[in-house]
């Protein structure tokens, strides 16, 4: 008999023998979890199943269910840990801005975000990246995406001034910025930053706006 299962990476449905399915645990440990398990069997003959075949079937199904559960747990942990780290990073930026007397900016980019210290050498109010302070890039776990936008819907970065107040990098009036983290299952965590500098982490179900 064969088993039908689905790969997370490609979404392809694949028929596999019992021996091949038992090797899925190794794939999971190598970072390629199998998810959305469909317990479907295909018998290669019309003859009845023996007791060893039945026991093998039960064992394989148990392995598939365990792999699916572990995959879901890993994705949940990745999203939660990324959310907590992002909240801490934004709060740290605000604190650094007030202590160092400089602007700090966080810019999301699909699967990572960049933290940059800025400086204004001539006092004209134009803050640019500080070449003496290299940007730090925080990579998110595989399957976790990041995006930020204002309440108006425009893409956004988060920048704090020397008072710990959020400012718009383009010079416009500061708006509430929502930074959303989304995993492959569509689960979402949001960090909301207010013009006052207040930072809130929350769980959002559905669309961002």
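Each row is one residue, and each column tells you yes or no for (1) in contact with a helix residue (DSSP H, G or I) (Cβ under 7 Å, 6 or more places away or on another chain); (2) modelled with pLDDT of 95 or more; (3) not in a loop (DSSP other than H, G, I, E, B).
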| position | (1), (2), (3) |
| --- | --- |
| 124 | no, no, no |
| 132 | no, no, no |
| 143 | yes, no, no |
| 149 | no, no, yes |
| 153 | no, no, no |
| 171 | no, no, no |
| 174 | no, no, no |
| 178 | no, no, yes |
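From the list 153, 171, 125, 201, pick out the single residue that is loosely packed, with under 13 Cβ neighbours inside 10 Å and touching a residue at least 40 places away in the same chain (Cβ under 8 Å).
153
Inside the stretch 156-168, can you point out the residues that are without any contact (Cβ under 8 Å) to a residue 24 or more places away in the chain and either closer than 23 Å to residue 81 by Cβ or in contact with a strand residue (DSSP E or B) (Cβ under 7 Å, 6 or more places away or on another chain) (or both)? Full working, then the answer.
As a first pass, look at the stretch 156-168 and keep what is without any contact (Cβ under 8 Å) to a residue 24 or more places away in the chain: 156, 168.
Within the stretch 156-168, 156 is the sole residue that qualifies.
The values are calculated or read from the model by the stated rules, or taken from the named source; none is laboratory data. Source: prediction; values computed, not measured. Note that each Cβ is placed from the backbone with ideal geometry, even for glycine, and that neighbours are counted across all protein chains shown.
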